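Here is the structure we will look at, set down as structure tokens.
The values are calculated or read from the model by the stated rules, or taken from the named source; none is laboratory data. Keep in mind it's a predicted model, so treat the numbers as computed, not measured. No Cβ is skipped: glycine too gets one built from the backbone with ideal geometry, and neighbour counts run over all protein chains shown.
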Amino acid sequence: MRRGIAIGGFMATGKSTVGPLVARQLEVPFVDLDALIVKRAGAEIAEIFARRGEPGFRVLEREALGCALQQGRIVLALGGGTLHQLDNLERIQATMDVVILEASLATIKARGGKSRPLWSRAEQLLAERQPLYQRAGPQVRVDGLTPERVARWVIAAAGGGEQGWF
């Protein structure tokens, strides 16, 4: 692997679960962007949203992304809205292969997430973000798959270089 892998997708698609498995298989470090934001801000995501709103959170996210991208070859789990800002996508694609985890709304809802700041708008956000996810990189459907199987598909998708579904 010459480049890192950024795992994107909507909330509750499994980015933070699959990312460490991919990193372990590739023997590179794993970085969870949301965890990095929490560490740098000294506050949980929900607290950041409550205090600063989504625009304030996105500023922190952009700064944390810059730090993550300086770490060399890593596997990076992105936040569900990270790629929604096009300049973030361009920065990531300059050094990493982007693979998107895709799940049905039923799977997303079954996995929960009601405590997430934007959960009440999940259906609307998914519809808005889906076109960008489709352009960002190959997509791996996760419905009904184990995290280990998804990790293998992520590695294959990153190495395959083709846009499409796996």
task: Out of the residues in region 1-33 that are modelled with pLDDT under 95 and charged (D, E, K, R), state the one that is farthest from residue 88 (Cα to Cα).
output: 27
message: Let me confirm something: among 57, 10, which residue is surrounded by 20 or more Cβ atoms within 10 Å (Cβ to Cβ), aromatic (Phe, Trp, Tyr) and out of contact with any Leu (no Cβ under 9 Å at 6 or more places or on another chain)?
response: 57
message: Quick check on this structure: which one of 37, 108, 48 is closer than 18 Å to residue 18 by Cα, β-branched (Val, Ile, Thr) and touching a helix residue (DSSP H, G or I) at 6+ places or on another chain (Cβ under 7 Å)?
response: 108
query: Name the pairs whose Cβ atoms lie under 7 Å apart, with the first residue in region 136-160 and surrounded by fewer than 24 Cβ atoms within 10 Å (Cβ to Cβ) and part of a helix (DSSP H, G or I), the second modelled with pLDDT of 95 or more and of a type in the set (Ser, Thr, Tyr), and 6 or more positions between them or separate chains?
result: 147/17
query: Does residue 102 satisfy being charged (D, E, K, R) and closer than 27 Å to residue 153 by Cα?
result: yes
message: Condition first: under 13 Å from the mean Cα position of the chain (by Cα) and of a type in the set (Gly, Ala, Ser). Now tell me which residues in region 123-145 satisfy that.
response: 136, 137
message: Cβ contacts < 8 Å: first residue in a helix (DSSP H, G or I), restricted to region 72-83; second residue among the polar types (S, T, N, Q), any location; separation 6+ or different chain. Result?
response: 82/88
field: Neighbours by Cβ (under 6 Å, 6+ apart or cross-chain): first from region 6-33, in a strand (DSSP E or B); second of a type in the set (S, T, N, Q)
entry: 32/16
- request: Being closer than 18 Å to residue 31 by Cα and surrounded by 14 or more Cβ atoms within 10 Å (Cβ to Cβ) is the filter here, so list the residues in region 42-54 that pass it.
  value: 43, 44, 45
